[in-house]
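As C-alpha cells, the structure follows; a few thoughts come after it.
The values are calculated or read from the model by the stated rules, or taken from the named source; none is laboratory data. On a predicted model such as this, the values are computed, not experimentally measured, just so you know. Neighbour counts run over all protein chains shown; Cβ positions are idealised from the backbone, glycine included. Remember, those area values only see protein heavy atoms, side chains included, never the ligands or the DNA or RNA. Shrake-Rupley method; radii C 1.70, N 1.55, O 1.52, S 1.80 Å.
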Amino acid sequence: MSEAPRPRALGGLLPGLPQLLAGRWGSGGTALLVWVGCLWILVTRFGRVTAAFAGAWDERVAVGTLLTGLTVAWAWSWRDASPGALPKQVGVSQWDLALRAFSRNRTAVAGLMVIVALYMVALLTPLLAPLDPNFQGALLTERYVGLSGAHPLGTDQFARDVLSRLLYGARISLLIGFVSVGISVTIGTLVGAIAGFLGGWVDGVLMRVVDIVISFPQLVLLITIIAFFEPSIFLIVAVLGLTLWPNTARVVRGEVLSLREREFVQAAIALGYSKRRIILRHLIPNALAPVIVAATLGIGQTIVLEAGLSFLGLGVQPPTPSWGTMVADGRNVLLNAWWLSTFPGLAIVFTVLSFNLVGDGLRDALDPRLRT
Amino acid sequence: MTKYLVRRLLGAIPLILGIATIVFFAVNLAPGDPTLYYISPGMTQEVVEQMRVNFGLDEPVHIRYVKWLGAMLTGDFGYSFSHSRPVLDVLADFLPNTLILSACALTVAFLFGIVLGTLQAIRQYSFRDSALSVVLLFFYSMPSFWLALMLILTFSLFARNVWEWPIWFPASGMMSTDYEFLSFGAKVRDRLAHLVLPTTSLACVLTAGIARYMRGSMLEVIRQDYVRTARAKGLSERVVVFKHALRNALLPIITLLGLFIPVLFSGTIFIETIFAWPGMGRTIYEAILTRDYPVVMAGSFFFATMVVVANLLADVLYAWVDPRIRYE
C-alpha cells in the first residue's frame, strides 16, 4: 500500500478534510463547506427536495445544484487526495505563479469562499428559504414583526419574511453583477485592443468616446435612460453593461500599446497574420490579467449600482425581491422596523466586500511588480 | 506649460460638445411625451398642443438639437417645465448647496484618507495596517445610501428617541425650522449640525478610496533612495515621514480629484434625496422623474462639465506642483 491511505479514507468520509490536513485550507475549506451545506439541506429539507423534482424550473435547478455540489465536492476531494494521483507538476507559467500567490493570501481566499457560498445560496434558494418571498402573512398581526423564531430577520410592510426575500434577492444582485460585467468587459476588451493595435484615427475616435462616457456621472446617465424607458431587468443589465466598458477599454489599450512593441507580436505581424488573428490570439490573451482584476472589482461596483437604482425605484420592479428595493422599503419606518433596511444593506456590503477582497488578491497575485 | 494648458483647454471643447450631444439625445430620443406629465384632466386638445409648442417639443429632433445647442452656447438653457422659470435660475438656487456639501465631503475625505493611508504605509504589514485595510475596504464596499440610512437610524432616530443621548444630529434639510429666530452663533451651529450626517455618508466611500491610493503611493515613496538617505543622515522618523516622504507621496493623490468627482456627484443624488438637501443631485433626480427635459439636460451637462474641468485642474495642478512632470 502507498503512504497515505488515511487522508484518502477521510476524504471519502468528509470531503475537503485531507486537503485541510495538508494545510490547503482554501480548496479544502470550500469543498467541505459545499458538501456540508448541501448535505444539511438534503437532510433538513428532504421533503422539499423530493417535491422540487417536479416543481418550477428554478426548483429543478436547485435540486440539480444540490446533487452536483454533493457529487463534485466528494469526487474532487477523493481524486485529489488519492495516492494514485500524479504528483502535482510544479508549474512556472504566469498563471501557476499567480495561483500560488493568490492562495497564500488568506483574506482573498476567504473572500472567494464567501462568493462560492453566495452563488450556491443563489442557486439553492428555493430549497433554502423558509417561505416564498412573496408570501404575505396576516396583514393585521404579522406586519413589521421583529426578529423572532418564525421570522429570523423579521417581516416587512406586507408581512413578508425578510430572510426569504434576502435569500431570493441574492439571485438578482449576483446575476446582474455577473452578466453586465460580462458584457462590459467583452466590449471594453475589444475596443481597447482594437484602439491600441490599430492606432491612428481609429484610436483617436474610440478614445474620445471613452473620454466622453467616463466624464459622465454614470448614475445620471443610468437614471435618465432607465426612467425614460420601462425599467426591467433586461434594460438594467444592458444599460449597466453598455455604460461601464470604458474603464476596461482604457486598461486594455494601455496594455496593448506595450504588447504591440514586443517581439512575439512583431513576429506575428511579420508572418502576415490577419489583424483579427493578432488581436484575438496574441494581444487579448496577453492583456487579460488586468482585465480579470478590473472585472472582479467591477462586479462589486455593479452590485452597488444596481442596488442604488433599485433603491431609487428604477431597478428591478416589485414584487421581485432585490436588496436595493428592500433597503428602500425600510426607509420610512427606520425607527419602528430597523431590520428592514439594515439586513439587505449588510448583505450588499458583505457581497461587495468579498468581490473587492478577491479583486485585490488577484491584483497582487497577477502583478509581477508587486510580487516579492 | 502655457502650450500644454492651451492644448488641454482646446481638447476639452470637443469633449464638452460630445457630452452635450449625448445628453441631448439620451433625453430626447426616449419614447413618450413629457407634455402628458403636465396636463390636467379636462384640458382641450388645443391647450395641450399649445403647451407642446411652449415646451418647444413640436419640432423634429434634429431641429431642436441645433436650436438647443445654439441657445446653450449663448448661455440660455431654456425654461424648466416643472419649476416654471428659467433653468439657470433653478441651477443658481440649488448648485451652491451641492457645492457646499461636496466641498465638505471632499475636504473630510482627503484629510482622513491621507492620514489613514499614511498611518498604514509607515508600518506596512503590521496589525494596524491589516486591520485598517479590512475596515477601509468594508467602508469602500458600502453603498452610500445605506450608510446614510444607518447613520440616520443611529445618530438621529435611536440617539434621540430610544437611547436618549445628549447629542444627536438632524436627519433632514439644511437648517432647522426655527432657523430665522436663532442667534448668529446658534445659526452657525445649526448649519454645521445639519451638515454632519450627509457629509459623513458622502465622505466615507471616498475616504476609503483615497486611503487605499495613499497607502500605495506612500509605500512607493518610502522605498526611494532619498528617504533612505534622510534616515541615514540621522533625521528623526517624524521629519523623514512628514517632510521627505509625505510631500512626495501626496503628488499622485492630486489626480484622484479628477477620478472621484463623478463618484461624488453620483453620491449626491442619493444623499440629497435621503437628507432632503435642496441641491443639484436631488433636483436632477426629480427632474428625471417629472420629465423636466431642460433641467435634466442642463443639470447633467453641468455635472459632466465639472468632471472635465476637475480632470483638467488635477492634471495642471499635478504638473505645477511636480516640476519633474514635463508635458511635451
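Keeping to the stretch B:27-50, report how many residues are in a helix (DSSP H, G or I) and farther than 20 Å from B:D76 by Cα.
Here the count works out to 10.
Within the stretch A:250-274, take every residue that is small (G, A, S) and assigned to a helix (DSSP H, G or I) and give me the one that is surrounded by the most Cβ atoms within 10 Å (Cβ to Cβ).
Checking each candidate, the answer is A:A268.
Is it true that some residue in the stretch A:328-344 is among the aliphatic types (A, V, I, L, M) and touching a Pro at 6+ places or on another chain (Cβ under 9 Å)?
Checked against the condition, which is being among the aliphatic types (A, V, I, L, M) and touching a Pro at 6+ places or on another chain (Cβ under 9 Å), the stretch A:328-344 yields no hits at all.
Evaluate the following for A:Y144: is it touching a strand residue (DSSP E or B) at 6+ places or on another chain (Cβ under 8 Å) and open to solvent by 10 Å² or more (accessible area, probe 1.4 Å)?
yes
Among the candidates A:L163, A:L127, A:L167, which residue alone is part of a helix (DSSP H, G or I) and within 30 Å of A:A294 (Cβ to Cβ)?
The unique qualifying residue is A:L167.
Of B:Y140, B:Y65, B:Y79, B:Y125, which residue is at positive phi and either assigned by TED's automatic domain parsing to the domain that holds B:P278 or not basic (K, R) (or both)?
From the options B:Y140, B:Y65, B:Y79, B:Y125, the qualifying one is B:Y125.
Within the stretch B:156-166, is there a residue that is more than 11 Å from chain A (Cβ to nearest Cβ), under 25 Å from A:F350 (Cα atoms) and open to solvent by less than 60 Å² (accessible area, probe 1.4 Å)?
The answer is no, given that none of the residues of the stretch B:156-166 is more than 11 Å from chain A (Cβ to nearest Cβ), under 25 Å from A:F350 (Cα atoms) and open to solvent by less than 60 Å² (accessible area, probe 1.4 Å).
What's the number of the condition B:D89 fails, among (1) closer than 17 Å to B:P278 by Cα; (2) in contact with a helix residue (DSSP H, G or I) (Cβ under 7 Å, 6 or more places away or on another chain); (3) open to solvent by 40 Å² or more (accessible area, probe 1.4 Å)?
Of everything listed in (1) closer than 17 Å to B:P278 by Cα; (2) in contact with a helix residue (DSSP H, G or I) (Cβ under 7 Å, 6 or more places away or on another chain); (3) open to solvent by 40 Å² or more (accessible area, probe 1.4 Å), B:D89 misses just condition (2).
Out of all the residues in the stretch B:292-305, which are crowded, with 22+ Cβ neighbours inside 10 Å and either within 11 Å of chain A (Cβ to nearest Cβ) or not charged (D, E, K, R) (or both)?
So in the stretch B:292-305, the residues crowded, with 22+ Cβ neighbours inside 10 Å come out as B:292-300, B:303-304.
The answer is B:Y293, B:P294, B:V295, B:V296, B:M297, B:A298, B:G299, B:S300, B:F303, B:A304.
Would you point out the residue of the stretch B:9-55, among those that are in contact (Cβ under 8 Å) with a residue 60 or more places away in the chain and open to solvent by 80 Å² or more (accessible area, probe 1.4 Å), that is nearest to the other protein chains (Cβ to nearest Cβ)?
The extreme case among them is B:Y37.
When residues of the stretch B:129-139 are filtered for being within 7 Å of chain A (Cβ to nearest Cβ) and surrounded by 20 or more Cβ atoms within 10 Å (Cβ to Cβ), how many remain?
Total meeting the criteria: 1.
Would the stretch A:213-224 turn up any residue that is of a type outside the set (D, E, K, R), surrounded by 15 or more Cβ atoms within 10 Å (Cβ to Cβ) and not in a helix (DSSP H, G or I)?
There is at least one residue in the stretch A:213-224 that is of a type outside the set (D, E, K, R), surrounded by 15 or more Cβ atoms within 10 Å (Cβ to Cβ) and not in a helix (DSSP H, G or I).
Sort out for me the helices (runs of 4 or more DSSP H) sitting completely within the stretch A:15-89 that have 3 or more residues that are under 27 Å from A:T125 (Cβ atoms).
A:25-44, A:46-52, A:57-81
Kindly establish whether B:L257 is touching an Asp or Glu at 6+ places or on another chain (Cβ under 8 Å) and of a type in the set (A, V, I, L, M, F, W, C). I'd like the intermediate steps shown before the answer.
On the way: touching an Asp or Glu at 6+ places or on another chain (Cβ under 8 Å): no; of a type in the set (A, V, I, L, M, F, W, C): yes.
For B:L257, the condition - touching an Asp or Glu at 6+ places or on another chain (Cβ under 8 Å) and of a type in the set (A, V, I, L, M, F, W, C) - is not met.
Out of A:P290, A:P319, I need the residue that is in contact with an Asp or Glu (Cβ under 8 Å, 6 or more places away or on another chain), away from every other protein chain (no Cβ under 11 Å) and either open to solvent by 10 Å² or more (accessible area, probe 1.4 Å) or not in a helix (DSSP H, G or I) (or both). Which one?
Among A:P290, A:P319, only A:P290 is in contact with an Asp or Glu (Cβ under 8 Å, 6 or more places away or on another chain), away from every other protein chain (no Cβ under 11 Å) and either open to solvent by 10 Å² or more (accessible area, probe 1.4 Å) or not in a helix (DSSP H, G or I) (or both).
Go through (1) in contact (Cβ under 8 Å) with a residue 40 or more places away in the chain; (2) closer than 13 Å to B:R215 by Cα one by one and return the number of the condition B:R123 breaks.
Looking at each condition in turn, B:R123 falls short on (1).
Could you tell me whether the stretch A:341-354 includes any residue that is in contact with a Ser or Thr (Cβ under 6 Å, 6 or more places away or on another chain), open to solvent by less than 10 Å² (accessible area, probe 1.4 Å) and assigned to a helix (DSSP H, G or I)?
yes
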